[in-house]
1. Counting pairs of Cα atoms in the range B:206-249, how many percent are more than 13 Å apart?
2. Please turn the phi angles of the range B:23-39 into ³J(HN,Hα) values with the Karplus equation 6.51 cos²θ - 1.76 cosθ + 1.60 (θ = phi - 60°), one per residue in order, whole Hz, x for glycine and proline.
3. For labels at B:Glu50 and B:Phe183 in the simple 7 Å Cα→Cβ model, what's the distance in nm?
4. Between the range A:1-80 and the range A:208-266, what is the separation of their alpha carbon centroids in Å?
5. Under 20 Å from a point 7 Å along the Cα-to-Cβ line of B:Tyr29: which residues of the range B:68-85 have their amide N that close?
6. How large are Rg and Dmax for the range A:36-318 when only the alpha carbon atoms are used, in Å?
7. As I understand it, the dipole of the range A:36-318 uses +1 on the Cβ of Lys and Arg and -1 on the Cβ of Asp and Glu, about the Cα centre. Which of A:Ile57, A:Met138, A:Ala270 lies farthest toward its positive end?
8. Before rounding to the nearest 500, sum -39500 (n - 2.57) across all DSSP H runs of length at least 4 in chain B and divide by the residue total; then give [θ] at 222 nm in deg cm²/dmol.
Amino acid sequence: MRSALRHPLFWPVLALGILLLVNLVATPSFFSVRVQDGHLYGSLIDILRNGAPTLLIALGMTLVIATRGIDLSVGAIVAIAGAVSCTYLAGAPDESSAGRAIVAMSLAVGVCILLGLWNGFLVAVLGIQPIIATLVLMTAGRGLAMLITDGQIITVNNSLFKKVGAGFVLGLPVAILIALAILLVTAVLTRRTALGMLIEAVGINPEASRLAGVRSRTITWTVYVFIAFCSAVAGLMIASNTSAADANNAGLFIELDAILAVVIGGTSLAGGRFSLTGTFIGAMFIQTLATTIPTIGIPSETNYLFKAIVVILVCLLQSPKARAVLRVRRPAPLLTRGSQA
Amino acid sequence: MSAHTPTADDLRGSATDRLRQLTPPRRFYPVLATAALFVGMLGAGGIRYEGFTSPQVILNLLVDNAFLIVLAVGMTCVILTGGIDLSVGSVVALSTMVAASTLRAGWPAALVVVAVLLSGSVLGLLMGLVIHYFEIQPFIVTLAGMFLARGLCYLISIESIPIKDPTFTSFAMGTIDLPGGYFITPAVLVALFVLAVAAWGLHMTRFGRTVYAVGGSEQSALLMGLAVARTKVGVYVISGFCSSLAGLLFSVYMLSGYSLHAVGMELDAIAAVVIGGTLLAGGSGLVLGSALGVLVLGTIQTFISFDGNLSSWWTKITIGVLLLVFVVIQRLFTRRQA
């Protein structure tokens, strides 16, 4: 029992469990999943599908935060990915062809990877603080997206493009399958190879790991490209779900949700260690929270209030100082008493 | 020919000495660069568009951005200690909401002003205490503050609330005439007063010098026996106070309270501070620079409204590019010093 309590994922899982329980009490049909036209439907499936973009970006954010960085520009990249793909599709003579959709999506991902290279260049090569380096693209990016779409909301009609965000394969939403696939590949790459350890080493001390022979600059650069890739795919999902590119609102505040998911999942903002499973649970927690609030009769706009309370609670739980305050009444362990003497 | 005839070398030496005496100290360089940028932009605008440099257009920069100046002053204090405050935009929105809703409930205007200023300061105090005593990164605590303030806005009302209180409307409509038929609004006076108080406080008081010391090196400040805790918490109180004051000015400017007011304004404030030459690592910068930064941002907007053909999203792109240029220059500057 004590070891279960000590497990880093104990609190996130408990929080998610409580939230699901609240839903079950409020709406008894919450866990029912029904099959309709060969697709699975139900609140749980909705949570998975709507949480896919946040999950993807949070995945990239986990690795960025593990290197002691942060990426604020993801929302802008989401908007740019939607803008590029939809503008290209809408400008095509044959808008509904599958080939056209593939080119449009590849183009969007390509542009976003260039933006990731740019962020990585500022952070890894010029050595600008990550929060400021990515603030540049956060500020300018939405303007760029507006420039691409000419300030319009561009709607498209393409069945393949529609599938990415709203389609189903084997009864499951395509969006969550894509997100889970990328999660799985990332997990294998970081946990079955040395890559994860190298990322953590850079997060603990970039200079020391460079001296130890780690290519810390390349690793930092790579994680920013990776998060841009994740944001691009998430942007395609969001644009595809509505079949439209809204440069003003697509991915608004998603960077905050992604950071929140990472923090809830137990990854420390100080860098140096990360948990992909934790991020998954964190992302699902945020999406479940967004679903729960209107269900139990609170206006959904107050979502922010609850997110704020969650951020503060999670951070306090993680903070060594707060833990020390909580623990102050207990006798100190023998070892520290011995060393003081 | 006496032996005292100065040689060419001597002359050159004294000339450079005299020049060195005339040049301002190094710490003014970034502010001078911003001032040069501002004047350059005004000049370019004046050449391109007729009436761009008319005094009223320049005064309007102050009129339209008074709240942003107040906001940037608070943000400068926080950034000088090496922190950051992401909650300011939401606190502005919350202040407009609190002001509008309490006025609708029939509170007297003076009480409303006190209540708004107090709520902003208390929020800042709470964030400062959490940041300092629990050692959680300012970024994440003020992010929570940002969510909290927005959530509270929505809790008060989802709709926009108009402000009809006579005191507020008379303050909004009031103008102060200057010689030559030009005018400013009372909000500009408030902003300039805040700027002056901040400049005095940062350079003439013990608190202000501690702000710079903490930003330079918190560890050293602590070892010197400075009141680090009080200063670190203090700057967030100042920032909260400035945000709520900016919120009051903004509610007067818009004559309404709305939960979607000031979305993304924290970025404008940070951009203004950075463009104004304050080092994001803390320890170096002037509030005057931040005010100039606000004027530069305002000039970009004036450019776009004068042109007529440029779309408003160029504002964001230009701010991003300027931010980049200044951050890169900062980086080169600090690297050379190191």
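Taken together, the values in this text are just the output of simple stated rules run on the coordinates, not laboratory data. Small disclaimer: the values here were computed from a predicted structure and weren't measured. FYI the Cβ positions are ideal-geometry reconstructions off the backbone, even for glycines, and counts take in every protein chain you see.
1. On the way: 509 of 946 pairs.
For the range B:206-249, the fraction of Cα-Cα distances above 13 Å is 54 percent.
2. Per residue, the Karplus-derived 3J(HN,Hα) values read 6, x, x, 4, 5, 8, 3, x, 5, 5, 4, 5, 4, 4, 4, 4, 5 Hz.
3. Here the answer is 2.5 nm between the modelled labels.
4. 16
5. Correct set: B:80.
6. Over the range A:36-318's Cα set, Rg and Dmax evaluate to 18.5, 59 Å.
7. Going by the Cα projections, it comes out as A:Ala270.
8. Numbers: 14 runs with 250 residues, N = 338.
That comes out to -25000 deg cm²/dmol.
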